[in-house]
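The values are calculated or read from the model by the stated rules, or taken from the named source; none is laboratory data. Since the model is a prediction, treat every value here as computed from it, not as a measurement. Note that each Cβ is placed from the backbone with ideal geometry, even for glycine, and that neighbours are counted across all protein chains shown.
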Amino acid sequence: MGYTVTDFEPTPNPNARKANLDRPICDATRSYFRAEQAADDPVASALFAIEGVAGVMLLGGFVTITKTPDADWPAIQQHVAEVLATAP
């Protein structure tokens, strides 16, 4: 069914951005600091597969992505939107 990213918002952390979605993705916080932690979460695992993604938090109608310091936001944001558009 997928999700549409309505916009990306900066956060106080310059290495994190909030992707606001068109509808809720989950009811309770799911937060992962390493890809291994997200092994049983198909959406988070797909987000960790994006080069430069270092952390993922899903809650309500948004996803917060943390990137590695050297990663490029425009590329990550494009891939995040693509992954979420095809998410189950």
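Within region 33-88, the set of residues being closer than 16 Å to Arg23 by Cα and aromatic (Phe, Trp, Tyr) comprises Phe62 only.
Name the residue, out of Tyr32, Tyr3, that is within 16 Å of Pro88 (Cβ to Cβ), in contact (Cβ under 8 Å) with a residue 12 or more places away in the chain and aromatic (Phe, Trp, Tyr). Step by step, each of Tyr32, Tyr3 is checked, and only Tyr3 is within 16 Å of Pro88 (Cβ to Cβ), in contact (Cβ under 8 Å) with a residue 12 or more places away in the chain and aromatic (Phe, Trp, Tyr).
Here Val56 does not fit the description of being in contact (Cβ under 8 Å) with a residue 60 or more places away in the chain, hydrophobic (A, V, I, L, M, F, W, C) and surrounded by 16 or more Cβ atoms within 10 Å (Cβ to Cβ). Kindly check whether there is at least one residue in region 21-29 that is buried (at least 16 other Cβ atoms within 10 Å of the Cβ) and not aliphatic (A, V, I, L, M). Checking region 21-29: not a single residue is buried (at least 16 other Cβ atoms within 10 Å of the Cβ) and not aliphatic (A, V, I, L, M). For region 33-88, the set of residues classified as small (Gly, Ala, Ser), within 15 Å of Thr4 (Cβ to Cβ) and in contact with a Phe, Trp or Tyr (Cβ under 8 Å, 6 or more places away or on another chain) consists of Ala85, Ala87, listed by residue number. If you go through region 74-88 and pick out every residue that is touching a residue at least 60 places away in the same chain (Cβ under 8 Å) and part of a helix (DSSP H, G or I), you end up with 5.
Filtering region 1-47 to residues that are at pLDDT 95 or above, assigned to a loop (DSSP other than H, G, I, E, B), hydrophobic (A, V, I, L, M, F, W, C) and over 13 Å from the mean Cα position of the chain (by Cα) leaves only Ala39. Taken over region 30-53, the criterion of being within 22 Å of Gln78 (Cβ to Cβ), surrounded by fewer than 16 Cβ atoms within 10 Å (Cβ to Cβ) and hydrophobic (A, V, I, L, M, F, W, C) is satisfied by Ala49 alone.
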